[in-house]
Amino acid sequence: TTTFAPASVGGQVTCTQPGHAGWCIGDAVLNLTAAEEIPGHWISGIESDKYGLLCATNTSAPTCAWTFPEGDNSINFWALSSYGDTSHLSFASARVDHTLPNIALTKTGTNGNAGWYTSAVELNITASDFTSGLALLEYSLDGSAWISGPSLTLADGVYALTVRATDNAGNVTTYSE
């Protein structure tokens, strides 16, 4: 009697551009390998609990790659054998955020002519990031050092304003006016 090991599968996650705090701001790729040792049989596919079929194959020792979607991901996956068995479960995770934060600026003051204001202007700055969350919101006025905060009031004058929002993954959006 010959005993064969069950089908096997493994995976290694590669991040094309690491960000902050374990986030990937590029693509996170799961490089998969599987094996079927029973002669005359092959791996027909690699499936996951959340995303279904990760890759279809027709060989005894396939390799393939699957890209994680944006978000905080964890999946269980296994290989399917033409023999009718499956491998043991394997696990992989990746945190992916390649979307830049959003910045919004609201101005409040008394409007004058040609885009000028006839009163002090209050600026309210908001930012959001729906994947990894917002880490920092700051502004610079006329090239000054960065100041953290969501609002400021401007008196008479002409100003150059730059706003910068950084998400927890390290993506940065800059807005200038």
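Quick look at the numbers
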quantity: Paramagnetic reach from SER151 in the stretch 115-142 [backbone N under 18 Å; point 7 Å along Cα→Cβ]; calculated: 119-128, 137-140
quantity: Spatial separation of Cα centroids for the stretch 74-120 and the stretch 134-168, in angstrom; calculated: 23 Å
quantity: Gain in span if fully extended, THR3 to LEU134, counting 0.36 nm per residue against the direct Cα distance; calculated: 41.7 nm
quantity: Computed magnitude of the charge dipole of the chain (debye, nearest 20; Cβ of K, R +1, Cβ of D, E -1); calculated: 60 debye
quantity: Volume in Å³ per residue [convex hull over Cα atoms, computed for the chain]; calculated: 124 Å³
quantity: Two-site label geometry, VAL158 and HIS20: point separation in nm, points 7 Å out along Cα→Cβ; calculated: 3.5 nm
quantity: Student exercise, the stretch 102-177 dipole from Lys, Arg, Asp, Glu Cβ charges, in Debye to nearest 20; calculated: 60 debye
quantity: Protein accessible area in the stretch 1-156, 1.4 Å probe - carbon and sulfur %; calculated: 51 percent
quantity: Estimated distance in nm for a label pair at LEU53 and HIS41, the labels positioned 7 Å out from Cα along Cα-to-Cβ; calculated: 2.0 nm
quantity: Extension reserve of the THR173-THR99 stretch, reckoned as 0.36 nm per residue once the Cα distance is removed; calculated: 25.7 nm
quantity: Relative contact order [Cα under 8 Å, 6+ residues apart], the chain, whole percent; calculated: 19 percent
quantity: Charge dipole of the stretch 40-130 about the Cα centre (unit charges at C-beta), most positive-ward option of LEU80, SER128, SER48; calculated: SER128
quantity: In nm, spacing of pseudo-spin labels at THR118 and ASP142 (7 Å Cα→C-beta vector); calculated: 2.5 nm
quantity: Within the chain, longest stretch clear of exposed chymotrypsin sites (Phe, Trp or Tyr not before Pro) (DSSP loop, no more than 14 other Cβ within 10 Å); calculated: 52-115
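The values are calculated or read from the model by the stated rules, or taken from the named source; none is laboratory data. Quick caveat: nothing in here was measured; it's all calculated off a predicted structure. Every residue, glycine as well, gets a Cβ built from its backbone with ideal geometry; the counts of neighbours run over all protein chains shown. Heavy atoms of the whole protein, side chains included, go into the accessibility calculation; ligands, DNA and RNA do not. Shrake-Rupley method; radii C 1.70, N 1.55, O 1.52, S 1.80 Å.
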